[in-house]
Amino acid sequence: MSQDRILVTYLTQAKDLEKKAQGIAVGMTVGSWTDLPAVKQEELRAYLGEAAGVEVLETLADGIQRGLVTVSYPTGNFTNDIPSLLTGIFGKLSMDGKIKLVDIQFPDSFTAGFPGPKFGLAGVRELIGVHDRPLLMSIFKSCLGLPFEDLKTQFRAQAIGGVDLVKDDEIFFVDDKAPFIERIKAFRAIADETAQQTGKPVLYAANLTGPSTELIEKAKRAVDAGAQCLLFNVLAYSFDVLHRLAADPDVNVPIMAHPALAGALYPSPDYGISTPLLLGKLMRLAGADLVLFPSPYGNVALDKGEALKLAADLTAPLASIKTAFPVPSAGIHPGLVPQLYADFGLDQIVNAGGGIHGHPGGAAAGAQAFRAAIDAVVAGKSLDDAAIESEVLAQALAKWGGAK
Ligand code: 1AE
């Protein structure tokens with residue numbers, strides 16, 4: 001068995017955090033330890049967790065310590081999949097009072113068993129052919145219940161406006177009016193037409209839905225039909241389904257992870273799983289090429305420090321695992337582009353639904369306004385200056401305001 005170890009950090013509370021760390025280390029691995037006969041202890045030693053560090057952050061009433069405890073686990077305790085990892089480090093423990101899973105440090109021997117993103121940030125840029133600015137994505141608003149012709153009109157407007165990607169709304173499961181394969185073919189044809197005008201491709205991310213046992217076959221059918229990207233509600237289906245999609249050589253398109261349900265897991269300071277781990281490291285390890293998460297500014301804002309750490313976890317070196325594209329989202333409008341650029345830099349995807357479709361001139365004008373804002377920040381110009389030359393940007397700023 002490999003003796004490499006996985007380091008897991010928890011935020012928790014106890015009278016004595018050292019003791020708590022030791023309790024987790026033993027309780028989550030071999031159970032009772034000191035009670036075991038010496039021969040059994042020797043047999044199980046390779047599986048034993050170890051307390052690897054304690055940082056007391058504050059002392060609460062009654063002398064309760066609140067702080068970070070780190071436990072190291074032998075990698076040999078886990079099979080190479082996220083269900084095994086999460087159950088082994090946080091399964092039963094997640095129900096044991098105030099405890100939040102904050103971070104995991106993986107040895108290369110463990111990450112080597114995971115696919116990671118097939119395309120990654122660089123691969124997505126390559127497909128789109130744009131390397132010198134943040135990319136722009138728009139979201140169908142809405143999809144559910146709309147006639148197919150309306151969706152085609154929406155797709156054309158977004159593409160003509162100059163977006164780089166268009167994604168389905170994540171709630172688009174009932175798609176009888178615009179079935180999955182048919183819309184992939186139709187939007188691909190429209191994208192080919194609009195490319196003549198805009199000079200660049202648009203990737204359409206179709207929402208991959210259905211029974212989990214059928215998803216790989218459905219994804220392959222999508223690729224055969226011309227799909228160039230797939231949207232996936234990872235937490236509703238599980239990290240392992242993403243892993244299996246990403247690991248399949250025939251599903252050779254980027255996978256875009258939607259954070260739906262993440263809010264059930266991360267917001268509490270004392271419970272759940274931290275956003276950088278949930279939407280950063282784990283999404284990337286399981287194979288997401290692009291990861292949506294709430295930006296610090298929109299209608300479901302994330303704490304800024306968490307959002308920055310999350311983006312860093314998607315893009316920092318992680319053994320041989322490719323980097324993934326950060327996609328700060330929710331309530332984004334052109335006035336926020338300077339702030340997003342200051343925070344997340346060149347390698348991000350600016351993503352907007354309402355901020356594109358709600359433009360007074362329609363979705364094409366909305367996309368153009370974003371493109372003008374992106375070009376301005378990359379050139380070091382203010383939005384106000386750029387708006388002098390871009391009427392659509394001026395209209396967007398008049399509607400939504402400038403950067404906060
Ligand atoms: C964090 C997910 C954002 C999302 O999926 C979505 O649909 C955003 O829409 P807008 O840009 O807030 O309209």
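The values are calculated or read from the model by the stated rules, or taken from the named source; none is laboratory data. The structure presented is a predicted model; accordingly, all values stated were derived computationally and were not measured. Cβ placement follows ideal geometry from the backbone for every residue including glycine, while neighbour counts extend to all protein chains displayed. Just so you know, the surface numbers come from the protein's heavy atoms only, side chains and all, with ligands and any DNA or RNA stripped out. Shrake-Rupley method; radii C 1.70, N 1.55, O 1.52, S 1.80 Å.
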Point to revise | the range 77-130: radius of gyration and largest Cα-Cα distance (Dmax), Å | key: 16.1, 49
Practice item. Work from the charge dipole of the chain (Cβ charges, +1 for Lys and Arg, -1 for Asp and Glu, about the Cα centre) and give the residue of Thr315, Ala367, Gly116 farthest towards its positive end. Key: Ala367
Study note, to complete from the structure: Listed residues Asn299, Asn351, Asn252; largest mean-square fluctuation, Gaussian network over the chain with Cα springs below 10 Å, found at Asn299
Revision key, fill the gap. Distribution output for the range 241-324: share of Cα-Cα pairs per 5 Å bin in percent, first bin at 0, values 3, 15, 25, 25, 17, 10, 4, 1, 0
Revision key, fill the gap. Given all pairs of distinct Cα atoms, the range 15-83 yields a Kirkwood Rh in Å of 13.4 Å
Check your understanding: What is the magnitude of the charge dipole of the range 195-275 about its Cα centre, with +1 placed on the Cβ of each Lys and Arg, -1 on the Cβ of each Asp and Glu, and no other charges, expressed in debye to the nearest 20?
Key -> 260 debye
Practice item. Restrict the search to the range 1-87; then list the GluC sites (Glu not before Pro) that DSSP places in a loop and that have at most 10 other Cβ atoms within 10 Å of their Cβ. Key: none
Exercise for review: Anything over 28 Å Cα to Cα? Flag those among Lys177/Lys322; Lys141/Lys399; Lys98/Lys118, in the order listed.
Suggested key: Lys177/Lys322; Lys98/Lys118
Revision key, fill the gap. Of all DSSP beta bridges having both residues in the chain, the percent classed as antiparallel (nearest 5) is 45 percent
Review point. So what is the relative contact order of the range 297-404, in percent, for Cα pairs below 8 Å that sit 6 or more residues apart?
Key: 26 percent
Practice item. Please tell me the relative contact order of the chain in percent, rounded to the nearest whole number, where contacts are Cα pairs under 8 Å and at least six residues apart. Key: 16 percent
Practice item. Quickly estimate the mean residue ellipticity at 222 nm for the chain, helices only: each DSSP H run with n ≥ 4 gives -39500 (n - 2.57), and the total goes over all residues, rounded to 500. Key: -11000 deg cm²/dmol
Study note, to complete from the structure: The correct ranking of Met137, Met28 by accessible area at 1.4 Å, largest first, is Met28, Met137
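How large is the dipole of the range 5-111 about the Cα centre if only Lys and Arg carry +1 and Asp and Glu carry -1, each at its Cβ, rounded to the nearest 20 debye?
That gives the range 5-111 a dipole magnitude of about 180 debye.
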Point to revise | Mean projection area, nm², convex hull over Cα of the range 301-404 | key: 6.8 nm²
Study note, to complete from the structure: Checked against the positive end of the charge dipole of the range 144-235 (+1 on Cβ of Lys and Arg, -1 on Cβ of Asp and Glu, about the Cα centre), the farthest of Ala206, Cys229, Leu144 is Cys229
**Study point:** Sequence of Tyr10, Tyr297, Tyr47 when ordered by accessible area, the most exposed leading, probe 1.4 angstrom
**Key:** Tyr47, Tyr297, Tyr10
Exercise for review: Kindly state, as a whole number, the per residue volume in cubic angstrom of the convex hull around the alpha carbon atoms of the range 1-150.
Suggested key: 220 Å³
Practice item. Return the single residue from Gln154, Gln339, Gln196 with maximal mean-square fluctuation; model: Gaussian network over the chain, springs between Cα atoms under 10 Å. Key: Gln196
Revision key, fill the gap. Taking only the alpha carbons of the range 41-127, the radius of gyration and the largest Cα-Cα distance, Dmax, both in angstrom, are 17.5, 58
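Using the Kirkwood radius built from alpha carbon pairs, what does the Stokes-Einstein equation give as D for the chain at 10 °C and 1.306 mPa s, in µm² per second?
Numbers: Rh = 22.5 Å.
The Stokes-Einstein estimate is 71 µm²/s.
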Check your understanding: Which three extents, in whole angstrom, do the alpha-carbon atoms of the range 226-265 cover along their principal axes, largest first?
Key -> 33, 17, 10
Revision key, fill the gap. Classified through the alpha carbon gyration tensor (a ≥ b ≥ c as square roots of its eigenvalues; rounded if a/c is under 1.5, else prolate when a/b is larger than b/c, else oblate), the range 115-262 comes out oblate
Check your understanding: Where in the chain are the DSSP H helices whose C-alpha atoms run 24 Å or more along the long axis and whose mean Kyte hydropathy is at least 1.6?
Key -> none
Check your understanding: Considering the chain as a Gaussian network with a 10 Å cut-off on Cα pairs, which listed residue, Pro37, Pro179, Pro334, attains the greatest mean-square fluctuation?
Key -> Pro37
Study note, to complete from the structure: Using alpha carbon positions and the Kirkwood radius, the Rg to Rh ratio of the range 202-244 is 0.95
Check your understanding: Check Leu318: other-chain or 5+ apart residues with amide H under 5 Å from its amide H, H built from backbone geometry?
Key -> none
Practice item. Rounding to the nearest 20 debye, state how big the charge dipole of the chain is about its Cα centre with +1 on each Lys and Arg Cβ and -1 on each Asp and Glu Cβ. Key: 200 debye
